[in-house]
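Notes follow the structure.
The values are calculated or read from the model by the stated rules, or taken from the named source; none is laboratory data. Keep in mind the model is a prediction, meaning the values are calculated, not measured. Every residue, glycine among them, receives a Cβ derived from its backbone with ideal geometry; neighbour counts consider all protein chains shown. The protein model used for the area step is the full one, side chains on, heavy atoms only, and it has no ligands, DNA or RNA in it. Shrake-Rupley method; radii C 1.70, N 1.55, O 1.52, S 1.80 Å.
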Amino acid sequence: MKDAFGLPQSLLVLGGTSEIGLATARRLIARRTRTVWLAGRPSPALEEAAGQLRGLGADVHTVAFDALDPTCHEAVLGKVFAEGDIDMVLLAFGLLGDQAHDEREPEAAVRVAQTNYTGAVSAGLVCARALQSQGHGSLVVMSSVAGERARRANFIYGSSKAGLDAFAQGLGDALHGTGVHVMVVRPGFVRTRMTAGLPEAPLATTPEAVATAVELGLRRRSETVWVPGALRVVMSALRHLPRGMFRRLPI
Amino acid sequence: MSADTDSVPDVMGLDHTTVTGWGRTAPTAARLIRPQTYEEAAAAVRDCGARGGIPRGLGRAYGDAAQNAGGSVLDMTGLDRVHAIDADGGTVLCDAGVSLHRLMEVLLPLGWFVPVTPGTRYVTVGGAIGADIHGKNHHVSGSFSRHVLAFELLTADGGIRTVIPGTPLFDATAGGMGLTGVILTATIRLQPVETSLMSVDTERATDLDDLMARLAATDHRYRYSVAWIDLLARGAATGRAVLTRGDHAPLDALPARLRRDPLSFRTSRFPSAPSVLPEGLLTRTTVGLFNELWYRKAPRARSGQLQRISAFFHPLDGVPHWNRVYGRSGFVQYQFVVGYGQEDALRRIVRRISERRCPSFLAVLKRFGESDAGWLSFPVPGWTLALDIPAGLPGLGAFLDELDEEVATAGGRVYLAKDARLRPELLAAMYPRLDEFRALRAELDPQRVFTSDLSRRLGL
Ligand SMILES: Cc1cc2nc3c(=O)[nH]c(=O)nc-3n(C[C@H](O)[C@H](O)[C@H](O)COP(=O)(O)OP(=O)(O)OC[C@H]3O[C@@H](n4cnc5c(N)ncnc54)[C@H](O)[C@@H]3O)c2cc1C
Ligand SMILES: NC(=O)c1ccc[n+]([C@@H]2O[C@H](COP(=O)([O-])OP(=O)(O)OC[C@H]3O[C@@H](n4cnc5c(N)ncnc54)[C@H](OP(=O)(O)O)[C@@H]3O)[C@@H](O)[C@H]2O)c1
């Protein structure tokens, strides 16, 4: 069960090797979390991540989960929930893709869209139902500022996050009053392997900062969290820029 | 009506309501059932499904004791009959859903008072036994269960048992937080009174040591005793307090005007706090100002002042839904006890709270007397301190964890009826009879029919 500060005792990370996901897990283990499920594509990295969290004192399990295989989501995630209540689900998987390359190879673009959007719709709905029958829990969804307004430089990823963001907001409204809390997290540029080698954007931040923002959002039962917080204002301004001007911005 | 429940139609066809405790933290959804008969209560227990059920009274427990995510919550306030009063012997037999407020209305005119009252009258008899509550008279009268002669308990097998003191089931249920079954009725021994007024002595203490010395020296002269501490005061004033102690006023203490109707029960109520209040209303400054005014206003020493029962025992009941002033994030109440001989731990904790500058309204310090038999009953002989803190305060969780360590190291414990955040690992150290409780539960209720968010969170 979550405590008075929204801190979970059990955590399921979808995208079990995600740097943001693992930073959040570490933070929550330092607080109240005792049981962690890392769901991801089987790999040595996944097992290594589990080992590291065990070193912090948590009881950690891994489970094979592929966002691109929604037909299995019900069975795979159902098994996790059958083992005991999950107080928080962190939907952290995602694929940035390579915009220039993916524009030339639509199949690769589709993979980005299917991972970030359809995969999340499927896993999100499965988890939402399980959380709802528990009558409690938080579903924390890693969206992105990229979804706030699609940019020339990464509109394939951006549009998939826009879809995910809209989906998660709607799901949050649908679950209002059911004891289940949906929180949409919109980080800016976070220094992880996903962004390694890319030129850093202004207000760049760290996985640890995202973890801190998630902890705060849980305590406040926030519906939307920006990381860093200043992005709320920045993006609000950018959203209202006329198209022509937005197009010419060097972002 | 049970406070802090909120019904919303549900997308996936479940008829669920979100429920919180008085602190309004950690809402969870459950099927809320309000039995009107014992048969309906038994049926509800039978049909409560895989996630079990938990009885709920007036929802005055601060944390998650009377909620049960995904399962059933049995609102017992629909069973609220007073069955029999023995006006000569001083006992009452009533349903568990009857509030102490109602009992006072019925009993005071007959010259009887409830044996123990907490800081609010809006608790049920079931909640009073479930949490084995204490009042300002604990040092004299013990906790609520000491005055319970018998109760009827609806257990997981659907049967109804009559439970009397001195039995394991009684001791597991008194303070057992609803986890042994649903109390349906109880027989309670009452306190005789000549009037409905209190005769109250007030004095100020300049700091914590002064306060502890005064309480230790003269508490035994009073049936009721409590001190309100200003935890925002720092430095030399750390722990400054106002002691209010007294007893039921005898008839001859009343002026002639009041003697004509000495037992009438009067209360006053102000309008409810609004349901939507901005976050951050309670800051160090506003709360500090309030505490300062309140301390200055208290007389240095005054004795024999006549007060209404509501003013002496239940000042907060004057403002219904006062818990809303803490805004959306809600608040936690931290209450612990450390035994006599552990005064240094108490001093350290008070100092840490003052230094931390928690925007906490007056905290309450009281000396407990002998414990009662309940296995999970909170009071043990020693000092108990209770304070409210906004849950949104940054770093509060980790800070309270540190206080828990101090409390546990000193052999003390926190009060489960107030708790919403204890680390489960500390529970067994704080409640040494936890294993007996678990064993009895495992035998009486192997399917875990009775389950609450509290029991899930702490592994009760
Ligand atoms: C302003 C204020 C002041 C307070 N002051 C004090 C104080 O001075 N001393 C003190 O001890 N407490 C105090 N409390 C706490 C309160 O007395 C307890 O939490 C009490 O249990 C609340 O009773 P309730 O009817 O609201 O029960 P709930 O809060 O609804 O339930 C509390 C527990 O009792 C169980 N329960 C309820 N009904 C039944 C039943 N029929 N059968 C079995 N179990 C049942 C529930 O399962 C739950 O575990 C205070 C609370 C407030 C809000
Ligand atoms: N980094 C940023 O700047 C930034 C900014 C805003 C939002 N975000 C979002 O935050 C989340 C976490 O990102 P991160 O920075 O932590 O990146 P990361 O370390 O690269 O993590 C991405 C995760 O997604 C998983 N994944 C990819 N495809 C998958 C699939 N088909 N099935 C299952 N898992 C799959 C990866 O697992 P494998 O190990 O199997 O590849 C990995 O665990 C993502 O949703 C990302 O879009 C990141």
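Which residues, taken from the range A:6-40, are assigned to a helix (DSSP H, G or I), open to solvent by 40 Å² or more (accessible area, probe 1.4 Å) and within 14 Å of chain B (Cβ to nearest Cβ)? Steps first, please.
We begin by selecting, within the range A:6-40, every residue assigned to a helix (DSSP H, G or I); these are A:19-31.
Narrowing the set further to residues that are open to solvent by 40 Å² or more (accessible area, probe 1.4 Å) leaves A:19, A:26-27, A:30-31.
Passing the criteria: A:R27, A:A30, A:R31.
Number of residues in the range B:1-43 that are more than 8 Å from every other protein chain (Cβ to nearest Cβ), modelled with pLDDT of 95 or more and outside any strand (DSSP E or B) equals 14.
Scan B:G239, B:G235 and give me the residue that is at pLDDT below 95, open to solvent by 20 Å² or more (accessible area, probe 1.4 Å), not β-branched (V, I, T) and not assigned by TED's automatic domain parsing to the domain that holds B:P165. Show your work before the answer.
On the way: B:G239 fails: open to solvent by 20 Å² or more (accessible area, probe 1.4 Å).
Just one listed residue meets the conditions, B:G235.
If you go through the range A:166-194 and pick out every residue that is surrounded by fewer than 19 Cβ atoms within 10 Å (Cβ to Cβ), within 14 Å of chain B (Cβ to nearest Cβ) and among the aliphatic types (A, V, I, L, M), you end up with 1. The residue that is nearest to ligand 2 (Cβ to nearest atom), counting only those in the range B:424-443 that are within 14 Å of chain A (Cβ to nearest Cβ) and buried (at least 17 other Cβ atoms within 10 Å of the Cβ), is B:L426. Summed over the range B:280-304, the residues that are open to solvent by 40 Å² or more (accessible area, probe 1.4 Å) and either at negative phi or within 16 Å of ligand 2 (Cβ to nearest atom) (or both) give a count of 16.
Results for (1) part of a loop (DSSP other than H, G, I, E, B); (2) touching a strand residue (DSSP E or B) at 6+ places or on another chain (Cβ under 8 Å); (3) among the polar types (S, T, N, Q), shown as yes or no for each residue.
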site: A:R149; (1), (2), (3): yes, no, no
site: A:F155; (1), (2), (3): no, no, no
site: A:S159; (1), (2), (3): no, no, yes
site: A:G163; (1), (2), (3): no, no, no
site: A:A166; (1), (2), (3): no, no, no
site: A:D173; (1), (2), (3): no, no, no
site: A:V185; (1), (2), (3): no, yes, no
site: A:M194; (1), (2), (3): yes, no, no
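A:S43 falls short on exactly one of the conditions (1) near ligand 2 (Cβ under 9 Å from one of its atoms); (2) open to solvent by 60 Å² or more (accessible area, probe 1.4 Å), and that condition is (2).
Among B:V364, B:V350, which is the only one that is closer than 19 Å to B:Y295 by Cβ and open to solvent by less than 10 Å² (accessible area, probe 1.4 Å)?
Numbers: B:V364 fails: open to solvent by less than 10 Å² (accessible area, probe 1.4 Å).
Step by step, each of B:V364, B:V350 is checked, and only B:V350 is closer than 19 Å to B:Y295 by Cβ and open to solvent by less than 10 Å² (accessible area, probe 1.4 Å).
The C-beta contact set for the range A:60-71 (first residue more than 11 Å from ligand 2 (Cβ to nearest atom), second residue of a type outside the set (A, V, I, L, M) and assigned to a loop (DSSP other than H, G, I, E, B), distance under 7 angstrom, 6+ apart or interchain) comprises A:T62/A:G16.
Restricting to strands (runs of 3 or more DSSP E) lying wholly in the range B:71-186: which have 2 or more residues that are buried (at least 20 other Cβ atoms within 10 Å of the Cβ) and within 14 Å of another protein chain (Cβ to nearest Cβ)?
Qualifying strands (runs of 3 or more DSSP E): B:72-75.
Yes/no per residue for (1) within 14 Å of chain A (Cβ to nearest Cβ); (2) surrounded by 18 or more Cβ atoms within 10 Å (Cβ to Cβ); (3) aliphatic (A, V, I, L, M); (4) farther than 22 Å from B:L281 by Cα:
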residue: B:L306; (1), (2), (3), (4): no, no, yes, yes
residue: B:G327; (1), (2), (3), (4): yes, yes, no, no
residue: B:E355; (1), (2), (3), (4): no, no, no, no
residue: B:D372; (1), (2), (3), (4): no, yes, no, yes
residue: B:T409; (1), (2), (3), (4): no, no, no, yes
residue: B:R413; (1), (2), (3), (4): no, yes, no, yes
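Within the range B:387-407, being open to solvent by 10 Å² or more (accessible area, probe 1.4 Å) and either away from chain A (no Cβ under 14 Å) or of a type in the set (S, T, N, Q) (or both) holds for B:E405, B:E406. Could you please tell me which pairs satisfy a Cβ distance under 8 Å, a separation of 6+ or placement on different chains, a first residue in the range A:35-50 that is in contact (Cβ under 8 Å) with a residue 40 or more places away in the chain, and a second residue that is among the hydrophobic types (A, V, I, L, M, F, W, C) and in a loop (DSSP other than H, G, I, E, B)? Taking only residues 6 or more apart or on different chains, the pairs are A:T35/A:A58; A:W37/A:I86; A:A39/A:F65; A:G40/A:F65; A:G40/A:F93. The set of residues in the range B:44-70 being more than 18 Å from B:R457 (Cα to Cα) and not in a loop (DSSP other than H, G, I, E, B) consists of B:A44, B:V45, B:R46. From the list A:G163, A:G197, the one residue that fits, being within 16 Å of the chain's Cα centre (by Cα), closer than 26 Å to A:V112 by Cβ and surrounded by fewer than 19 Cβ atoms within 10 Å (Cβ to Cβ), is A:G163.
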